[in-house]
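Structure, as structure tokens:
The values are calculated or read from the model by the stated rules, or taken from the named source; none is laboratory data. Note that the structure is a prediction, hence the values are computed from the model and not measured. Quick reminder, even Gly has a Cβ in these numbers, built from the backbone with ideal geometry, and neighbours come from all protein chains shown. When the accessible area is computed, the model is the full protein with side chains, heavy atoms only, and any ligands, DNA or RNA have been set aside. Shrake-Rupley method; radii C 1.70, N 1.55, O 1.52, S 1.80 Å.
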Amino acid sequence: QGKHAEALDKFTTALEIELKALGPDHPDVGKSYANMGSILCLQGKHAEALDKLTTALEIQLKALGPDHPNVATTYSNIGHVLVTQGKHAEALDKFTTALEIELKALGPDH
């Protein structure tokens with residue numbers, strides 16, 4: 001419904017609570033950063049989106065490991081942001097990594 005600013009406020013509040021309750025390395029904290037990155041991308045704030053998604057990826061890699069489907073989703077979301085910035089080669093690298101993780105984690109028929 002286009003309420004991106006409101007959604008970003010909610011995700012920011014959730015992140016503040018999660019950081020206090022769970023600590024900075026919890027997977028839920030990574031998910032909140034990823035959600036914020038997605039909203040920022042929709043708002044056209046691509047540099048900020050990439051920053052949040054990169055933070056999410058760092059947390060997810062530590063907390064979930066490199067072969068988790070959530071990690072693949074974040075790589076893909078980073079790829080989308082890079083496409084909007086005209087960085088197609090970098091985007092392709094992220095999309096390829098996402099696909100490799102998904103195939104490994106979920107199989108080719110998923």
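Assorted remarks:
- Part-to-part distance (alpha-carbon centres) for the range 60-110 and the range 1-43, which is given in Å: 19 Å
- Accessible surface, the range 26-87, averaged per residue in Å² (probe 1.4 Å): 44 Å²
- Largest first, the extents of the alpha carbon coordinates of the chain on the three principal axes equal 37, 31, 23 Å.
- Theoretical ellipticity at 222 nm over the chain - DSSP helices of four or more residues, -39500 (n - 2.57) apiece, nearest 500: -27500 deg cm²/dmol
- The Cβ shell under 14 Å around LEU53 holds other residues with a net charge of +1, Lys and Arg each +1, Asp and Glu each -1.
- Three-way shape label, the range 60-110, alpha-carbon gyration tensor, a/c 1.5: oblate
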